[in-house]
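A short write-up of the structure that comes next.
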Amino acid sequence: MAAGGTERGRARGRAPCLAKFLPGLILSLLALACGPGAEELRARDPRPNVVIISMDTTRADHLSAYGYERDTSASLRDLAGEGMRFEVAYSPSATTAPSHASLFTGLAPIAHGVAKNGWPLEGEFETLAETLGTEGYETAAVVSSYVLSSRFGFDQGFDHFDADFSQADVLSGDRLWEGELLSGKFYGRADDTTRRGLSWLGQRSHPERPFFLFVHYFDPHNPYLPPEGYEPPFRPGAREALKLNRTIFFYDTLIAFTDQEIGRLLQGLEARGLKGNTLVIVVGDHGEGLMNHGHMFHGVHIYEEGVRVPLIIRWPGHVPAGVVAPGPVQLADLAPSVLELAGVSSAEPVQGQSIARFLLGGDDLEEGRAVHLYRRHYEGGEVVEGIYAEGEKFGLRRGRWKLIEGPREGTLELFDLETDPGEEDNLAERQPERVKVMREEIAAWRRAHTRDAKDRRLPSAEEREGLEALGYTE
């Protein structure tokens, strides 16, 4: 475990760090002077605790909470019944690090600069944890993948940062991917992740303060190895004799296992009397191909199966229960929304939009808002698991229309998601004017938000080896 606040995170100077601890110091002094205990001090503070749960590699359409045929998400279905489920929610990228950087900063990948796994989140960007920390929140993170380790800057703002999954029952020092033999463990398992999250909740240093807890579950990611002895609430049938269907069965099994462990984490919150004033957000970081467009995994495409993710939000007595919201919303919306719900103002620029008022039953969502998507860069002429990939790709959804543009690949794809949700009928040649307008909007967005990539620290040889072991060869 490592304490939050790396050298990158401290680059803005010592004043923000001092400010981070002043609210807690003031509360402690009040306790000494006036006598109330931690519970009474906490009861006087109306701000919610915040728990954000990230599910790696989780497609919304493979959750029973979203209507999937297999019972993969009983816990999330119950959570949605107590809160709000978003029918259309997007990750900005089908890759873990860029998506989480957007979750923490409210910025698009081209703006925060974490274009691919292994590129660090620089200290110049203030994270959600840092902002909440300056307002007196106790902050903690429990992560389950090497990709989100502190060496890539994801510990910024966390008082407690737990990336120790050495006790997880997963492969270690074995051939994980692509013939790479590495020592140690590069990901965790959901039961161990929940254990570590509950451990922190039971040993908080400042129970008189509100807290922000981020928990990341890795399990639905390939290689799709269910834990020994775990039996999902569904059984394989005759169709699972086919290799692809059998692989999808294991993917669904790992979603169900993760859902079970999320349920255990939420039960732990309730057992500690924390349910009533805790804002819980469950979201996917990206989806998975499952051969819908010729690709089994993720990263290469930004079709719907790669970027449509679940999003469920609960705050008892504040967020209406059992509501299904149409969307669209984005991961970048979450940081500004949490800050507004916590009554925190921030001068940091964001590209996401706060949906706090909508969550509280106020403003409507903008139905036709632009949703921008990004595919990380691939070297020219590369074939990734059978898919040709060159350069970056950019996507734009506005209303029912979605355009995907690959400038270096020379590709343009236009889909009507209302009539063609599977993105099978490319209308680009039949809708040249619409394509022109949407391309201009993508170009303007890129000009406005692309970060200068000079002076970027690239991954070391050791870091690249670890990433390649997880299948992140780019």
A correct fewest-to-most ranking of R308, R400, R151 by other Cβ atoms within 10 Å would be R400, R151, R308
Residues E40 and E379, FRET efficiency given R0 of 51 Å [Cβ-Cβ distance, rounded to 0.05]: 0.30
Counting only DSSP beta bridges with both partners in the chain, the antiparallel fraction in percent, to the nearest 5, comes to 55
Scoring the chain by relative contact order with C-alpha pairs under 8 Å, at least six apart, yields a percentage of 23
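Mind putting a number on the dipole of the chain about its Cα centre? Charges go on the C-beta only, +1 for Lys and Arg and -1 for Asp and Glu, and I need it in Debye to the nearest 20.
Result for the chain is approximately 940 debye, rounded to the nearest 20.
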I need the phi-derived Karplus couplings for segment 74-85: 6.51 cos²θ - 1.76 cosθ + 1.60, θ = phi - 60°, integer Hz, Gly and Pro marked x. 4, 5, 6, 5, 5, 4, 5, x, 9, x, 10, 10
Determine the sum of side-chain charges near G410: Lys and Arg each +1, Asp and Glu each -1, restricted to other residues whose C-beta is under 12 angstrom from that of G410. -2
Under 5 Å between amide H atoms, partner at least 5 residues away or on a different chain: which partners does I355 have, H built in plane at 1.01 Å? S337
13 Å beta-carbon shell around E240, net charge (K/R +1, D/E -1): +4
Classify segment 154-264 from the C-alpha gyration tensor, please: rounded if a/c falls under 1.5, else prolate or oblate depending on whether a/b exceeds b/c. oblate
Mind checking segment 51-119 for GluC sites (Glu not before Pro) that DSSP puts in a loop (not H, G, I, E or B) and that have at most 13 other Cβ atoms within 10 Å? E69
Counting only residues 5 or more apart in sequence or on a different chain, those whose built amide H sits under 5 Å from that of A141 are H160, F161, D162, F214
Under 16 Å between C-alpha atoms, the lysine pairs in the chain lying 8 or more places apart or on different chains count 4
Estimate the FRET efficiency between E367 and R235 by the formula 1/(1 + (r/R0)^6), using the beta-carbon distance for r and 41 Å for R0, to the nearest 0.05. 0.55
Label selected from (i) 34, 25, 24; (ii) 39, 28, 20; (iii) 41, 23, 21, the criterion being semi-axes √(5λ) of the Cα gyration tensor in Å as computed here: (i)
Cβ density ranking, 10 Å radius, fewest first, applied to S99, S346 yields S346, S99
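Per DSSP H run of at least 4 residues, take -39500 (n - 2.57); add these up for the chain, divide by its residues and hand me the 222 nm value, nearest 500 deg cm²/dmol.
-9000 deg cm²/dmol
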With a/c under 1.5 counting as rounded, go ahead and sort segment 223-330 into rounded, prolate or oblate using the C-alpha gyration tensor (a ≥ b ≥ c being the square roots of the eigenvalues; past the cut-off, prolate if a/b is larger than b/c, else oblate). oblate
Likely footprinting exposure, S73, S145, fewest C-beta neighbours within 10 Å first: S145, S73
Rounded if a/c under 1.5, otherwise prolate or oblate - segment 39-119, Cα gyration tensor axes: oblate
For segment 173-317, averaging the sequence separation of alpha carbon pairs under 8 Å that lie six or more residues apart and dividing by its residue count, the contact order in percent is 19
Provide, as a two-decimal number, the C-alpha radius of gyration of segment 96-238 over 2.2 N^0.38 Å, N being how many residues it has. 1.17
Surrounding charge for V437, neighbours by C-beta under 13 angstrom, Lys/Arg +1, Asp/Glu -1, total 0
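We did not get these values from a lab; they are worked out from the coordinates using the rules stated. Remember, predicted model here, so these are calculated numbers, not experimental data. Counting neighbours? That spans all protein chains shown, and the Cβs are built from the backbone with ideal geometry, glycine included.
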